[in-house]
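Okay, structure first, notes after.
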Amino acid sequence: MKNKHCTILLLLLILSFLGGAGYWFRSLARPHKKVSKKTFLKKPVLFIHGYAGNRFSFGLMLKRFEKNNWGVKSAVVKVSSVGKVSVLGDPAAAGSMIQVLFENNRASIDEQAVWLRDILEELMQNYALKSVNIVAHSMGAVSVLSYLTNYGNERTLPEVSKLVTLGAPYNDIDPGKNSKTIEQSPMSVNGPLRPSAIYRKLKKMRHSIAAQTLFLNIIGDIDNGKSDGSVSVSSARSLRYLLDEHVYSELIIRGKKATHRKLHENREIDLKIRYFLYH
């Protein structure tokens, strides 16, 4: 009888754990109904994951920001594999942080740029958002830059006031997939000596980026100036040659917590993002 009771108790504990884990997992892709007592974030902030990204990509950062009362994850925007945009929650809430999730998380930069336009058009037309900030990781940041070069000056879309980029492979041949060797980008005073096709396209269209958009380019360095383990420092720094000096700022994070996948889990980076968005 005693063994039977122990077995039942163990099963209940397992079920309880699984239930709690399931709730936590679902919460990473759901908006929260919490009301912000502070309005630290003056403008809504969109969080854009990278290639093959998912709810974990920015889910934990969003939880940390909420815990610190920096904002509220008030909305989740999902884009289906055919580009249909659905909005859960209220993107216009005070201190709004908006998680963007692409069902086809391996789509091309051009596809994602179009989807970003559709998202921002939705936010403008149905939620009256006239200005937003964006935080983007890896290839997601390249897609945002592609969006800005193609649509950044359209008056029917919200202004992108500030963009934070994390570990972005601006001059990689294929910014999404990991290659066997990390793509280094030899530099001159004018930028990459061997610009990729994507970089050449961004450079050609760079004058379409709204002049008032400010950039914070955060770069990981775990091996003495070479890379974050996936993206070379030189590829990430290529952004500086596409922008005017007065709108561009750069931060290199070093050490074990500066790996590509840990950039959005680094508490030091949390604080840098907070400071940049606030000032």
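Structure data summary
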item	result
Matching residues, region 41-82, being more than 23 Å from Gly167 (Cα to Cα) and of a type in the set (S, T, N, Q)	Asn68, Asn69, Ser74, Ser80, Ser81
Region 49-65 - residue that is more than 10 Å from the chain's Cα centre (by Cα) and assigned to a loop (DSSP other than H, G, I, E, B) and, of those, farthest from Ile109 (Cα to Cα)	Asn54
Filtered residues of region 102-124 (kept if surrounded by fewer than 16 Cβ atoms within 10 Å (Cβ to Cβ), over 15 Å from Ser146 (Cα atoms) and acidic (Asp, Glu))	Glu103
Any hit, region 224-246, residues being among the small types (Gly, Ala, Ser) and closer than 19 Å to Leu60 by Cα	no
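Just so you know, all these numbers are worked out from the coordinates, no wet-lab data involved. Everything numeric in this text was worked out from a predicted model, so none of it was measured. Heads up, the Cβs are rebuilt from the backbone with ideal geometry, glycines too, and the neighbour counts pull from every protein chain shown.
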